[in-house]
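Rule-based calculations on the coordinates, nothing more; no lab input. Model, not experiment: these values are computed from the prediction. Using ideal geometry, Cβ is built from the backbone for each residue, glycine included, and neighbour counts are taken over all protein chains shown.
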C-alpha cells in the first residue's frame, strides 16, 4: 500500500467525533509504532515510551478527569466563548479503539546526551517528533488520532503507575473512523481560523508583523 | 511525484556531511513549508514561525558559535568519549543550501488557548510537530535536514533579532545531498546504538524494565 506523504500530511486531522471503535490489527499497530520509533532524537537517545491502553476502566477514569478539566476551562471563559466551546468535542477516549500514552524519560542516554547540554528541552522535542510520525502513519492506515490535552500530568502519572522522573507528553486516541473532516473542528465551529503561511515566513532575521491573536 | 510515507519515515536521517549546496527551487521550499504549516497545534494556535536564512554572514556567525559549544561539550567528556566525539560532525551550516530557524510564540492564540490551560508546554509540542512535517517533506523532496542543537537560545535570539517572548526551537540545515546514510551517524561512529521497539512498549500501565542507558 502506497500512501503519498503530502496527501497524508494535508488530510491528517485531530479527531474527536468520528471514531467507530472497530479493531486495529496487530500488524497495523506495529507499523504505526515502528514509524514512531523511527523518529530522530537528540543524541540518538530515543527518550520515548508508548503505553498502549485498551483497559476500559483506565479509559473511563481518564475520561472523567478530562470532563472535569473541561468544566474548569469553561468556567474561565466569557459567556459567548463558553457557548461556542459547548459545541466542541475535546476527546474520543471512550469511542476510539485504544489509546497510546507517549512518555519522556530525561534520564535515557545517561548524563551526556550529545546535543542536549545547551538545550534542556531537546529530549522533549524528540518525543514530539515521534508523535508526529505516529500520527501520520495512523492517517496513512486510514485511522484517526486525537491528542487529548485536557488533563494534569500528575493525574496521568498516578493512573498509569508512571514513575516520577518520567513525564507523560501525550494521550492519543487511535482507531478506525468514519471519515476525516476536510476542515479542522475548531475552525468549523468558529473557535479560531487558520493563519496563512505567508504570515509565518521571515527572511534572514525576525521581521515584526501586525499582531495576530 | 508520489513518495510513500513509510519509505520516507524510515529513510529520513539527521544530515551533517552530505550536503551539496545546490539550489532549492521556490516551489520545493513552498511545498516543504506548507507541509510544516499543516501540522496540528493546540487550540489551532499555530504558534510557529519560520526564518529562512540564506545570508552567509549570519550562517558563519552561527557556525562559529556552534564550534565553541562543541568545544565546551568535548571538555566535559572523558578521553575515550572525547576521541569518539572528535570523529562526529555536528552541523552542516556552511555546506547546506540554506537554514530554517523555527520559533515558538507562546502569546499566539491569546490568553485562553483551548487545551493549553493544563499543559504549559503544549504550544512547544505543536512547534515540534511542524518540524517533523518539514523534515519528512524535505526527505520526500530528496533533500537532507540536519537539526543543530549545539547553540544557546539567547545567542540565536540576538543574532536574528528575535524578540524576547519568542523562543527559537530549532536551527535546521536544509538542501540537496549526495545520499542518505542507511544507519544514523551516531550509531555508525559507535557513539550509541538504537534500542529495539519492544523495549519501548508497555501495556495499559507503565511496566518497569531493566535499566537502559
Extension gain, residue A:183 back to residue A:7 (0.36 nm per residue minus Cα-Cα distance, nm): 61.9 nm
Per residue, what volume in Å³ does the convex hull of the Cα atoms of segment A:1-131 enclose? 177 Å³
Can you give me the C-alpha center-to-center distance between segment B:112-143 and segment A:104-119, rounded to a whole angstrom? 21 Å
What is the ratio of the Cα radius of gyration of segment A:68-213 to 2.2 N^0.38 Å, with N the residue count, to two decimals? 1.27
How many angstrom lie between the Cα centre of segment A:65-90 and the Cα centre of segment B:166-191? 42 Å
Please tell me the relative contact order of chain A in percent, rounded to the nearest whole number, where contacts are Cα pairs under 8 Å and at least six residues apart. 35 percent
With the crude spin-label approximation of a point 7 Å out along Cα→Cβ, what separation in nm comes out for residue A:203 versus residue B:158? 2.7 nm
Write down Rg/Rh for the protein assembly as shown, rounded to two decimals, with Rg from the C-alpha atoms and Rh from the Kirkwood relation over Cα pairs. 0.95
Given a Förster distance of 45 Å, report the FRET efficiency between residue A:56 and residue B:61 from their Cβ-Cβ distance, rounded to the nearest 0.05. 0.20
Quickly work out the residue B:83-to-residue B:25 label distance, labels modelled 7 Å from Cα along the C-beta direction, and quote it in nm with one decimal. 4.9 nm
